[in-house]
Amino acid sequence: MGTRSVAIDIGATVRVADVELANGADPRDGATLHSYAQRPVPPGVIRDGVIEEPAALASVIRQAVSIAKPSSKRVIVGLGHPSVVVREIDVPAQNMDKVRESLALNAQDQLPMAPEDAVLDFYPTSEYQAQAGLTLRGLLVASSRELVREIVSVLDTAGVRVTGIDHAALGLWRGGCRGAFMEHTIAFVDVGASRTLLTVSQMGVPTLIRVLPQSSSDANRAIANALKGQTADVEALKREYGMDLNTSGNARTVAEAAAHALMPLVEAIRNTLVYVSSSNPGSGVDRIVLTGGGAYVRGFGQALSSATRLPVSIGDPLASMRIGRKVDRGALQGREAELATVIGLAMGGQK
């Protein structure tokens, strides 16, 4: 049996996944999704990434865990808050325990907070010989201790124990960067209801992470305003008509509202990829892999492809996975892309 772990991704929806890695050269291929559950977070419980009602969020997490019935209540949780700092830094090469012990000293100039107020981690991406000696290059991940304490406290109230904290964007990369994608520069973009994660992977190595404040719920609010109080399933309308302006009547109203709301996100993604290309001449992004609920908004992928002049495809994290007996595969059909981040977090294994 391979490593088995449980992950929780918290956003506008709480998602719980129990994943067992395989035993091959890449244990992610042939991994098994043993259980999965999700529960929506009521409006106002989390606002602009801040947990306003910890007890209510703990209740939602407890419900999701109860439905999933995972093999363990020891969990990895993903952080995707915009305040979490991700920087590429170089540090002296040594074993990872010592690298992490010395991060506060080596990374203090990169932090917008005092090192003692931060929880720091380091993800190595390459090694090279510098004038000062063998050096590691990698991604510094820094979060405020207050944010981490708050998340851990909520999960403790929900009856689960946090054994690892990972950046949600690294989970997105880990779950998606497999097979042929390991040989190219890929932008993994997860458009959720509360934020958008963007991870650029070059030859299988994550080199840039961004958390964008724009999200698919921007379109929901715009559509609701455009319909001026009409009773409607805004989420269904967003998916059905999306940004497709080749419509008329109410459908046209919906599409115009959605397009106006989502174009700032398209531009933010485009600008990030332009920065990648300008910083790495000759090594621009080859393809965009789109996940999250926003991947299913009609016309969004086309708008993104047109703006970036890149091929865009919808990611399917379940494509090379086995599905356990406790998982209703039919219930996940048509929304597989929504599971990308939580599955990738679980594939990181227990920390």
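Report P(r) for the stretch 42-99: all Cα-Cα distances, bin width 5 Å, range 0 to the bin holding the largest distance, values in whole percent.
Result, from short to long distances: 4, 12, 14, 17, 15, 12, 8, 11, 6, 1 percent.
Pull out the extension gain between Q230 and Q131, defined as 0.36 nm times the separation in residues minus the alpha carbon to alpha carbon distance; nm, one decimal.
Extra length from Q230 to Q131 when fully extended: 29.0 nm.
Can you tell me the order of 187-200, 323-336 when each peptide is scored by its average per-residue count of other Cβ atoms within 10 angstrom, highest first? Intermediate results must be reported in sequence, preceding the final value.
Details: 187-200: 25.4, 323-336: 12.6.
Per-residue mean Cβ counts within 10 Å order the peptides as 187-200, 323-336.
What percentage of the solvent-accessible surface of the chain, computed with a 1.4 Å probe over protein heavy atoms, is contributed by carbon and sulfur atoms?
Exposed carbon and sulfur together represent 49 percent of the surface.
Using the Cα centre of the stretch 39-177 as the reference point, and only Cβ charges (+1 on K/R, -1 on D/E), how large is the resulting charge dipole? Debye, rounded to the nearest 20. The partial results should precede the final answer.
Details: 14 positive and 16 negative charges, 147 e Å.
Computed about the Cα centre, the dipole is about 700 debye.
So how much slack lies between A331 and H260, counting 0.36 nm per residue of separation and subtracting their Cα-Cα distance, in nm?
On the way: separation 71, 0.36 × 71 = 25.56 nm, distance 3.15 nm.
That pair, A331 and H260, stretches by 22.4 nm at full extension.
Averaged per residue, what accessible area in Å² does the stretch 9-152 show with a 1.4 Å probe, protein chains only? Show your work: numbers first, answer last.
Working: 7180 Å² over 144 residues.
Result: 50 Å² of accessible area for each residue.
How big is the antiparallel share of DSSP beta bridges in the chain, given as a percent to the nearest 5?
Working: 51 of 71 bridges.
Approximately 70 percent, going by the DSSP bridge assignments.
What FRET efficiency do you get for I314 and V119 if R0 is 35 Å and r is their Cβ-Cβ distance, rounded to the nearest 0.05?
0.55
Among A226, A236, I209, flag the residue with its Cα farthest along the positive direction of the charge dipole of the stretch 209-263, charges on Cβ as +1 for Lys/Arg and -1 for Asp/Glu.
I209
Report the local net charge at R62: Lys and Arg +1, Asp and Glu -1, summed over other residues whose C-beta lies under 15 Å from its C-beta.
Taking every Cβ under 15 Å from that of R62, the sum is +3.
Once each part is reduced to its C-alpha centroid, what is the distance from the stretch 125-172 to the stretch 48-98 in angstrom?
Centre-to-centre distance over Cα atoms comes out at 9 Å.
Could you run the Debye sum over the Cα atoms of the stretch 20-72, one equal point scatterer each and no solvent, and tell me log10 of I(q)/I(0) at q = 0.14, 0.32 Å⁻¹, two decimals?
The computed values of log10 I(q)/I(0) come out as -0.54, -1.14.
Determine which residues of the stretch 12-56 fall in the zone a paramagnetic label at S83 would reach in this model, i.e. backbone nitrogen under 13 Å from the point 7 Å along Cα→Cβ.
Residues 47-52 fall inside that zone.
So the label point goes 7 Å from the Cα of K73 along Cα→C-beta, right? Which residues of the stretch 132-156 then have their backbone N under 16 Å from it?
Within reach of a label on K73, which here means backbone N under 16 Å from a point 7 Å along Cα→Cβ, the stretch 132-156 contributes 152-156.
For the chain, what is the charge dipole size about the Cα centre, in debye to the nearest 20, if Lys and Arg each add +1 at the Cβ and Asp and Glu each add -1 at the Cβ?
Roughly 800 debye for the chain.
Mind listing the long-range amide H neighbours of V162? Cut-off is under 5 Å, sequence gap 5 or more, other chains count too, H placed in the peptide plane at 1.01 Å from N.
Result for V162 returns V75.
Do you know the relative contact order of the chain, to the nearest whole percent, from alpha carbon pairs under 8 angstrom that are 6+ apart? Please list the in-between numbers first.
Values: 746 pairs, mean separation 71.9, N = 351.
Dividing the mean separation by the residue count of the chain yields 20 percent.
Pick from D18, D29, D233 the residue whose mean-square fluctuation is largest in a GNM of the chain, springs joining Cα atoms under 10 Å.
Between D18, D29, D233, it is D233 that shows the largest mean-square fluctuation.
If you consider only alpha-carbon coordinates, what radius of gyration and Dmax does the chain have, in Å?
20.2, 67
The values are calculated or read from the model by the stated rules, or taken from the named source; none is laboratory data. This structure is a prediction, so every number in the text was calculated from the model and none was measured. Positions of Cβ are backbone-derived with ideal geometry, glycine not excepted, and every protein chain shown enters the neighbour counts. Calculation scope for accessible area: heavy atoms of the full protein, side chains included, ligands and nucleic acids excluded. Shrake-Rupley method; radii C 1.70, N 1.55, O 1.52, S 1.80 Å.
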